[in-house]
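The values are calculated or read from the model by the stated rules, or taken from the named source; none is laboratory data. For clarity, every value in this text was computed on a predicted model and none was experimentally measured. Cβ placement follows ideal geometry from the backbone for every residue including glycine, while neighbour counts extend to all protein chains displayed.
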Amino acid sequence: MHDHQRHFGAADPASQAAAWDARYLEQEGAMWSGRPNGRLVAEVADLGPGTALDVGCGEGADAIWLAGRGWTVTAVDVSAVAVDRARHAAGRAGVVVEWRAGDALTLGLPEGAFDLVSLQYPALPKAAGDAVVRRLLGTVRPGGLLLAVYHDLDDEHRARMREHGADPDDFVGADDLARLVADEFAVEMCETVPRADPPPDARHVADVVLRARRR
């Protein structure tokens, strides 16, 4: 659903927010399908509900799906336009989500507060530094689950991203996250798998999935 790295390579949150707000405002209707990400559904459907953090929530489909299954959800996106659309979509769906507009790396989210932290196709700039990314990962409670899903990028996709001004090597990838969680998490999965329930027009057919449980 999200393809955050494809267009916008700016590392500073204000520039990212402005770019994403402008992109969302290019059309009146929803940008995304309104369906939850297939890999999230596949990995989480059998879990009992708890507290969840949805990082890069976009227009809210994942957060709304989780809330509809009984999760207590906090959802964050750098775009205030996207968060406003997500808030209205949640109202239509009759679910309650705590929506926050801002950069998840700098919002001061509570340590150890979430049973599930979901990063679906995230764009975390390496320039933010390992310590800042570790603080975000630290929002997973002991025993809780970190689920990060990335597009499996071939050389063509990487070249296309660079043409749009976003070098994939500037962002924290699955291997980087696996390194950052090594001391405090048990990595249950870090591998490339077929994309689960992709949209009909999806160009990416495989995902890299990192699933790790905090000790």
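Are there any pairs with C-beta distances below 9 angstrom linking a residue in segment 201-215 that is touching a residue at least 12 places away in the same chain (Cβ under 8 Å) and under 22 Å from ALA178 (Cα atoms) to a residue that is assigned to a strand (DSSP E or B) and among the aromatic types (Phe, Trp, Tyr), with the two at least 6 apart or on different chains, and if so which?
ASP207/TYR150; VAL208/TYR150; VAL209/TYR150; LEU210/TYR150; ALA212/PHE185; ARG213/PHE185; ARG214/PHE185; ARG215/PHE185
I need the full set of residues from segment 171-184 which are free of Cβ contacts under 8 Å to residues at least 60 places away in the same chain and either surrounded by 14 or more Cβ atoms within 10 Å (Cβ to Cβ) or not in a helix (DSSP H, G or I) (or both), in order please.
VAL172, GLY173, ALA174, ASP176, LEU177, ALA178, LEU180, VAL181, ALA182, ASP183, GLU184
Can you tell me how many residues within segment 185-215 are among the charged types (D, E, K, R), within 15 Å of ALA42 (Cα to Cα) and surrounded by 15 or more Cβ atoms within 10 Å (Cβ to Cβ)?
Looking only at that region, the number is 3.
Does at least one position in segment 101-119 carry a residue that is of a type in the set (Phe, Trp, Tyr), crowded, with 22+ Cβ neighbours inside 10 Å and either assigned to a helix (DSSP H, G or I) or in contact with a Ser or Thr (Cβ under 9 Å, 6 or more places away or on another chain) (or both)?
Taking every residue of segment 101-119 in turn, at least one turns out to be of a type in the set (Phe, Trp, Tyr), crowded, with 22+ Cβ neighbours inside 10 Å and either assigned to a helix (DSSP H, G or I) or in contact with a Ser or Thr (Cβ under 9 Å, 6 or more places away or on another chain) (or both).
Conditions (1) acidic (Asp, Glu); (2) surrounded by 14 or more Cβ atoms within 10 Å (Cβ to Cβ); (3) more than 21 Å from THR192 (Cβ to Cβ); (4) within 16 Å of the chain's Cα centre (by Cα), marked per residue:
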| residue | (1), (2), (3), (4) |
| --- | --- |
| ASP130 | yes, no, yes, no |
| ARG135 | no, yes, yes, yes |
| GLY143 | no, no, yes, no |
| LEU147 | no, yes, no, yes |
| TYR150 | no, yes, no, yes |
| ALA159 | no, no, no, no |
| GLU163 | yes, no, yes, no |
| ASP169 | yes, no, no, no |
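Can you name the number of the only condition in (1) over 14 Å from CYS57 (Cβ atoms); (2) at pLDDT 95 or above; (3) of a type in the set (A, V, I, L, M); (4) in a helix (DSSP H, G or I) that LEU145 fails?
So the condition that LEU145 fails would be (4).
If I ask for residues that are in a loop (DSSP other than H, G, I, E, B) and within 16 Å of LEU146 (Cβ to Cβ), which ones from segment 32-56 would you list?
Across segment 32-56, the qualifying residues are ASN37, LEU47, GLY50, GLY56.
VAL132: in contact with a strand residue (DSSP E or B) (Cβ under 8 Å, 6 or more places away or on another chain), among the β-branched types (Val, Ile, Thr) and at pLDDT 95 or above, yes or no?
no
Would you please list the contacts, defined by Cβ atoms under 7 Å and residues six or more apart or on different chains, that run from a residue in segment 41-54 that is closer than 19 Å to LEU137 by Cβ to a residue that is part of a loop (DSSP other than H, G, I, E, B) and small (Gly, Ala, Ser)?
From residues that are closer than 19 Å to LEU137 by Cβ, the pairs are THR51/ALA113.
One line per residue, one yes/no per condition, for (1) at pLDDT 95 or above; (2) hydrophobic (A, V, I, L, M, F, W, C); (3) more than 13 Å from the chain's Cα centre (by Cα):
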| residue | (1), (2), (3) |
| --- | --- |
| TYR24 | no, no, yes |
| CYS57 | yes, yes, no |
| GLY68 | yes, no, yes |
| ASP84 | yes, no, yes |
| ARG92 | yes, no, yes |
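Conditions tested, residue by residue: (1) more than 18 Å from ALA42 (Cα to Cα); (2) of a type in the set (Lys, Arg).
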site	(1), (2)
GLY138	yes, no
ARG141	yes, yes
ASP152	no, no
HIS157	yes, no
ALA166	yes, no
LEU177	yes, no
ASP183	yes, no
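Go through segment 59-76 and give me each residue that's without any contact (Cβ under 8 Å) to a residue 40 or more places away in the chain and part of a strand (DSSP E or B).
THR72, VAL73, ALA75, VAL76 - these are the residues of segment 59-76 that are without any contact (Cβ under 8 Å) to a residue 40 or more places away in the chain and part of a strand (DSSP E or B).
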